[in-house]
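Peer 1: Shown below is the structure under consideration.
The values are calculated or read from the model by the stated rules, or taken from the named source; none is laboratory data. Note that the structure is predicted; figures quoted are calculated from it, not measured. All Cβ positions, glycine included, derive from the backbone under ideal geometry; neighbour counts span all protein chains shown. Each accessible area value is taken on the protein alone, full model and side chains, heavy atoms only, with ligands, DNA and RNA left out. Shrake-Rupley method; radii C 1.70, N 1.55, O 1.52, S 1.80 Å.
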Amino acid sequence: MIITMNKTILAISGSLREGSSNTQLLTLLGTWAPAAINYQIYTGMGGLPHFIPMAEGKAYPAAVQNLHQQLNAADAVIICTPEYAFGVPGSLKNLLDWTVAAGNFVDKPVAVITASSQGNYAHPSLLTTLGAINAHIIEGATLLIPFIRAKMDTGGHVIDAATEKELRLVFDNLLKAIKG
Ligand SMILES: Cc1cc2nc3c(=O)[nH]c(=O)nc-3n(C[C@H](O)[C@H](O)[C@H](O)COP(=O)(O)O)c2cc1C
């Protein structure tokens, strides 16, 4: 795909686990990005404080300001997350809660991948939350990948051809949404 202007994609993994398959998937997608794409994996989720609604006029904590800056600078966001205890991981929900009042996701094109053992609870729940914060879920850029551990090798490669095809389609649709 030809992308003429520089665009930034911010990739957010819902897993803080070392060797996370979700983070590995996002790393893999980054290798598919054309040269004009500035593809950044957000690394600050583990350093975000627990969400507290802020009093009007009070400055956000520095880590949250950094998150807001990275989201505001992104032309699109891709989230890739596991499911924990039938829900969205608390760390990722915490991150999203920090964006509600600031409106960082309003009209932001977002691709959503849930890669988990099953994931069928977290996936729709995450889409609901993104809808609540007025994100623009990109058509054809949502994907639920069950049995993720069996579909990747230890080097972070996808070893299931059907899954790789689906991932390429999601990534193409993400790129299409921001081309120009
Ligand atoms: C505390 C905990 C709870 C989990 N609960 C679920 C669950 O409810 N549904 C599911 O599909 N997988 C669940 N899993 C499995 C994870 O989805 C799986 O380990 C996944 O590979 C984690 O993603 P990661 O490799 O990116 O860290 C759970 C894992 C942990 C550690």
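Peer 1: If Ile138 passes every condition in (1) within 18 Å of Leu29 (Cβ to Cβ); (2) open to solvent by 20 Å² or more (accessible area, probe 1.4 Å); (3) modelled with pLDDT of 95 or more; (4) away from the ligand (no atom under 13 Å from the Cβ) but one, which one does it miss?
Peer 2: Tallying (1) within 18 Å of Leu29 (Cβ to Cβ); (2) open to solvent by 20 Å² or more (accessible area, probe 1.4 Å); (3) modelled with pLDDT of 95 or more; (4) away from the ligand (no atom under 13 Å from the Cβ), Ile138 fails exactly one: (2).
Peer 1: If I ask for residues that are away from the ligand (no atom under 14 Å from the Cβ) and not in a loop (DSSP other than H, G, I, E, B), which ones from region 142-164 would you list?
Peer 2: Scanning region 142-164 gives Thr142, Leu143, Ala161, Ala162, Glu164.
Peer 1: Now for a separate question. How many residues does region 1-56 contain that are open to solvent by less than 40 Å² (accessible area, probe 1.4 Å), within 16 Å of the ligand (Cβ to nearest atom) and in a loop (DSSP other than H, G, I, E, B)?
Peer 2: So the answer is 4.
Peer 1: Inside region 99-132, can you point out the residues that are assigned to a loop (DSSP other than H, G, I, E, B), in contact with an Asp or Glu (Cβ under 9 Å, 6 or more places away or on another chain) and away from the ligand (no atom under 16 Å from the Cβ)? Before you say what the answer is, go through the steps one by one.
Peer 2: First pass over region 99-132, keeping only residues assigned to a loop (DSSP other than H, G, I, E, B): 99-108, 116-121.
In the following step, the residues that additionally are in contact with an Asp or Glu (Cβ under 9 Å, 6 or more places away or on another chain) were identified as 108, 116-121.
Lys108 - this is the single residue of region 99-132 that is assigned to a loop (DSSP other than H, G, I, E, B), in contact with an Asp or Glu (Cβ under 9 Å, 6 or more places away or on another chain) and away from the ligand (no atom under 16 Å from the Cβ).
Peer 1: If you don't mind, there's one more thing I want to ask. Going through region 86-123 one residue at a time, which ones are open to solvent by less than 10 Å² (accessible area, probe 1.4 Å), closer than 22 Å to His50 by Cα and in contact (Cβ under 8 Å) with a residue 40 or more places away in the chain?
Peer 2: Across region 86-123, the qualifying residues are Pro89, Leu92, Leu95, Trp98, Ala122.
Peer 1: Go through region 57-81 and count every residue that is surrounded by 14 or more Cβ atoms within 10 Å (Cβ to Cβ), of a type in the set (S, T, N, Q) and not in a strand (DSSP E or B).
Peer 2: Of the residues in region 57-81, the ones surrounded by 14 or more Cβ atoms within 10 Å (Cβ to Cβ) are 60-61, 63-64, 66-68, 70-71, 74-81.
Okay, now just the ones that are also of a type in the set (S, T, N, Q), so 66, 70, 81.
Then keep just the ones that are not in a strand (DSSP E or B); that gives 66, 70.
Going through region 57-81 one residue at a time, the tally reaches 2.
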